[in-house]
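Worksheet for the structure shown next.
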Amino acid sequence: MGTARRRFGSTLASVTSVAVSLVLVAGCGGGSETDKARTKDGKTVISLGLFGVMGYKETDLLDRYMKENPDILIEADVTGDEQTYYTALQTHLAAGSGLKDIQGIEIGRAKELVDTRADKFTDLSKTANLDHFLPWKSSQVTTADGKLLGLGTDIGPMAVCYRKDLFEQAGLPTDREEVAKLWAGDWSKYVETGRTFKAKSKDDKVSYMDTSSGLFNAMIYGGEKQFYDKDGKLVYQDNPVVKDAWALATDAAESGLTAKLRQFQPGWDPGLSNSTFATTVCPAWMLAHISEKAGPANKGKWDVAKAPKGANWGGAFLGVMEKSPVKKEAEKLVAWLTAPEQQAYIFEKLGNFPSSKTAIDMPAVSSGTSAYFSDAPIGQIFGAAAKEIPDEQILGRKDGSIKDTFSAGIQLVEQGKKPDEAWKTTDERIEKLAR
């Protein structure tokens, strides 16, 4: 989601945020934390501003780095809700105070920062070997003149999570490879499978999918261009990728194939635990949320199948602030945290999928499985999806917000509004947003 990503839904995110969710918001008018280098107990302090579950505070990586670099003390503040985090980050960037030495960047915010705040970040293009990243990852935070604002953390390659027991009740195959064949190469086949499910399901209280906005996201994020062109002009109105995604998603909505539950909004979590729907389009980071909210009772009932086409929803970066007094130390830390070995380690521990192609090919990732999802080979499934994504994806300033606006528009159709009327409402909201 652009911005709706796991970072909005994980237990780890919410637990961490209880203590620190307002850290970035507080004290905007005070002196900048990067005005001068800080030391504590004779050690150089490096501060990190993070959001959701990026994997650094939730694992032992920071402790390991400090053990290997005993002259460094790392202080990480985590905000559970990315929207809260980004609002505060914008405030601090404008004020020039309250910034950490290292700040997390969500993919839905990347283009806006590239276009409007590039001067606030240091150029990381010379600080590390960038060849290990997927070719499209670094381009998402690179300015026209080649300045790299951040190094990639994770990505969100897509798959389809489905309930084997509910498929069996509807007379559909349950083996993940056979399920993937049902919709191979074409998202419209995924919807057609939904029609079959609806016709044959023995429980009319179970919907085929949670929401068709997930389908919309998967379709648009498999293309090179979504809402903007390379010149920063809004093109969603005429982009066939967006128009086709809207048509198919609203068709699914009007056909009664969805549970009308917008992802990460009230009702969705109970839908997971109460078996309200049989499928959801799931980026890699969503698996942790599903397993948590669906609960132990549904372990082994869920599985993961290859999506019709490769797509990416979500991802993040770590950037170093230009005025950080410990810029060199921070650059070194960022390069280490995003190195293939650390990305593979976070995948093992938390499931965040690497943006490093080197990490994707490491045994820890390529042979990774999920016990909750019927031992699905998630490393292979998401790794293959990641390699199908176009080498370049064009981002715009308001990508995350526009995606959310489309999701709200599709929900209007799920609630009974005609697609043309919902499109008009969505278009008006986006035009207002862009202004």
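The values are calculated or read from the model by the stated rules, or taken from the named source; none is laboratory data. Small disclaimer: the values here were computed from a predicted structure and weren't measured. Cβ coordinates were reconstructed from backbone atoms using ideal geometry, including for glycine residues, and neighbour counts include every protein chain displayed.
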PHE382 is checked against (1) modelled with pLDDT of 85 or more; (2) within 26 Å of ASP251 (Cβ to Cβ); (3) crowded, with 19+ Cβ neighbours inside 10 Å and fails just one. What number does that condition carry? (2)
Just name the residue that is modelled with the lowest pLDDT out of those in the stretch 385-421 that are closer than 19 Å to ASP115 by Cβ and in a loop (DSSP other than H, G, I, E, B). GLU392
Number of the exception - THR338 against (1) in contact (Cβ under 8 Å) with a residue 40 or more places away in the chain; (2) more than 20 Å from ALA359 (Cα to Cα): (2)
In the set TRP246, TRP268, the lone residue that is free of Cβ contacts under 8 Å to residues at least 60 places away in the same chain and either buried (at least 20 other Cβ atoms within 10 Å of the Cβ) or among the polar types (S, T, N, Q) (or both) is TRP268
Could you check the stretch 63-97 and list, in sequence order, the residues that are closer than 29 Å to GLU112 by Cα and hydrophobic (A, V, I, L, M, F, W, C)? ILE74, ALA76, VAL78, ALA88, LEU89, LEU93, ALA94, ALA95
If you go through the stretch 67-82 one residue at a time, how many are assigned to a loop (DSSP other than H, G, I, E, B) and more than 30 Å from ASP404 (Cα to Cα)? 3
Would you call GLY185 buried (at least 21 other Cβ atoms within 10 Å of the Cβ) and not β-branched (Val, Ile, Thr)? no
One residue is enough: does the stretch 64-86 have a residue meeting the conditions surrounded by fewer than 17 Cβ atoms within 10 Å (Cβ to Cβ), closer than 26 Å to GLU331 by Cβ, at pLDDT below 95 and of a type outside the set (Lys, Arg)? no
Any idea which residue in the stretch 107-141 is farthest from the chain's Cα centre (by Cα), counting only those that are more than 17 Å from GLU392 (Cβ to Cβ) and among the hydrophobic types (A, V, I, L, M, F, W, C)? ALA128
Would you confirm whether or not the stretch 282-303 contains a residue that is closer than 22 Å to ILE410 by Cβ, at pLDDT below 90 and charged (D, E, K, R)? no
Going by what's in this entry, would GLN415 be described as touching a Lys or Arg at 6+ places or on another chain (Cβ under 9 Å), surrounded by fewer than 23 Cβ atoms within 10 Å (Cβ to Cβ) and farther than 27 Å from GLY351 by Cβ? yes
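Listed here are the residues, each with its yes/no results for (1) of a type in the set (A, V, I, L, M); (2) in contact (Cβ under 8 Å) with a residue 60 or more places away in the chain; (3) assigned by TED's automatic domain parsing to the domain that holds ASN217.
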position: LEU350; (1), (2), (3): yes, yes, no
position: ASP361; (1), (2), (3): no, no, no
position: PRO377; (1), (2), (3): no, no, no
position: ILE394; (1), (2), (3): yes, yes, yes
position: SER401; (1), (2), (3): no, yes, yes
position: ASP420; (1), (2), (3): no, no, yes
Keeping to the stretch 206-220, report how many residues are under 10 Å from ASN312 (Cα atoms) and polar (S, T, N, Q). 1
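One line per residue, one yes/no per condition, for (1) touching a Leu at 6+ places or on another chain (Cβ under 7 Å); (2) assigned by TED's automatic domain parsing to the domain that holds GLY108; (3) of a type outside the set (Asp, Glu); (4) under 24 Å from VAL160 (Cα atoms):
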position	(1), (2), (3), (4)
LYS332	no, yes, yes, no
ALA335	yes, yes, yes, no
PRO340	no, yes, yes, no
SER356	no, yes, yes, yes
ASP404	no, no, no, yes
Condition set modelled with pLDDT of 95 or more and among the charged types (D, E, K, R), scope the stretch 87-111, selection surrounded by the fewest Cβ atoms within 10 Å (Cβ to Cβ): answer is LYS100
